[in-house]
Amino acid sequence: MYLSQIDYLKRVLERFNLKGAKSIITPLAQHFKLSKEQKPKSDEDIAYMQKVSYASANLQSIVALSTIEVEYITANDAVKKTLWLRGLVPEILPVKELKTIVIHCDNQSARVS
């Protein structure tokens with residue numbers, strides 16, 4: 001089975017009535033360093049790279065020493081992603097005002113007031 005990312009994205013955009021949305025450039029994380037030497041050179045390499053699942057390439061960026069720290073890190077990550085999305089949505093959708101987003105944390109020790 002083969003899944004084209006371009007075809008999949010087109011179907012997702014159509015499904016959510018965003019086919020006419022404008023695209024933006026999303027920079028690669030700073031710790032990724034790419035060079036021309038890394039690009040696939042043979043037809044076999046190109047065929048292999050087309051089948052690589054980039055979504056599963058997760059890097060462990062931090063080690064937590066307690067469950068409280070895990071909850072805090074997770075909540076912090078949720079806030080960062082939410083702020084990023086708040087900046088992205090007005091660029092691709094005609095939104096005048098975004099509602100307040102509440103992020104819930106069920107660990108009393110990890111809450112920051």
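The values are calculated or read from the model by the stated rules, or taken from the named source; none is laboratory data. Because the structure is a prediction, the values reported are computed rather than measured. Cβ coordinates were reconstructed from backbone atoms using ideal geometry, including for glycine residues, and neighbour counts include every protein chain displayed.
Could you list, in sequence order, the residues of the range 66-95 that are exposed (fewer than 13 other Cβ atoms within 10 Å of the Cβ), among the charged types (D, E, K, R) and farther than 22 Å from L13 by Cβ?
Passing the criteria: D77, K80.
Kindly evaluate A64 against the criterion of being farther than 21 Å from Q5 by Cβ, modelled with pLDDT of 85 or more and either in a helix (DSSP H, G or I) or out of contact with any His (no Cβ under 6 Å at 6 or more places or on another chain) (or both). Talk me through it step by step, then tell me what you get.
Details: farther than 21 Å from Q5 by Cβ: yes; modelled with pLDDT of 85 or more: no; either in a helix (DSSP H, G or I) or out of contact with any His (no Cβ under 6 Å at 6 or more places or on another chain) (or both): yes.
So A64 does not fit the description; no.
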